[in-house]
Amino acid sequence: MIKARPPRLEQIFQTYDPPLYFVTICTIHPQKIGDLEAADHAFEAYVRRARDEFGVGVGRYLIMPDHMHLFVRGGDDFKLAQWVNGLKRAVSVALGATMKRPLLAAGIFRSRVA
C-alpha cells in the first residue's frame with residue numbers, strides 16, 4: 001500500500017454497457033397511421049424476433065397516430081439505423097404502405113440515454 005493513500009475499491013461496475021437509445025419514428029407528411037392495432041402487432045412481432053434471434057432489447061414504447069417512441073439497446077454489433085429501417089419496413093408492410101405511397105419518414109430522431 002502506498003503511504004497516505006486510501007485502499008482502492010475493487011471494480012463494482014461493468015466497464016462497458018451497450019448504449020441505450022431513445023428513438024422517435026415519424027410518419028411522412030404528417031399523416032395518420034390508419035390502423036394502430038395492426039401497427040402494434042407488427043411492431044411487437046418485429047421486436048420479439050429481434051430479441052429472440054439477435055439479442056436486441058426494446059423497453060417501453062408508444063405508438064401515437066403520427067409517430068412512435070421507443071427505447072432500444074443491442075449488443076456490440078448492433079447497428080441502430082439498420083435495425084430501425086427493418087422495423088419501419090415491417091410496420092409499413094403490415095399497414096399496406098408501398099414505395100409510391102410510403103407511410104414512415106426517412107431517418108430517425110435518436111438520443112443516447114445511457
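Per residue, the chain reaches -10000 deg cm²/dmol at 222 nm when only DSSP H runs of four or more residues are counted, each adding -39500 (n - 2.57). Compared with the dominant Cα axis of the chain, that is its longest principal axis, helix 36-54 is turned about 40°. Against the chain, whose longest principal axis comes from its Cα atoms, helix 80-94 is set at around 30 degrees.
Each part gets one Cα centre, and for the range 49-70 versus the range 73-114 those centres are 10 Å apart. Dipole check for the chain: with +1 at the C-beta of Lys and Arg, -1 at the C-beta of Asp and Glu, and the Cα centre as origin, the magnitude is about 440 Debye.
Taking 0.36 nm per residue of sequence separation and removing the Cα-Cα distance, the R48/L95 pair yields an extension gain of 15.1 nm. Measuring nothing but protein heavy atoms, the accessible surface of the chain at 1.4 Å probe radius is 57 percent carbon and sulfur.
For the chain, the solvent-accessible area with a 1.4 angstrom probe is 73 square angstrom per residue.
The values are calculated or read from the model by the stated rules, or taken from the named source; none is laboratory data. Predicted, not measured: the structure shown is a model, and the values here were computed from it. All Cβ positions, even for glycine, are placed from backbone atoms using ideal geometry, and neighbour counts span all protein chains on display. Only protein heavy atoms, including side chains, enter the accessible area calculation; ligands, DNA and RNA are left aside. Shrake-Rupley method; radii C 1.70, N 1.55, O 1.52, S 1.80 Å.
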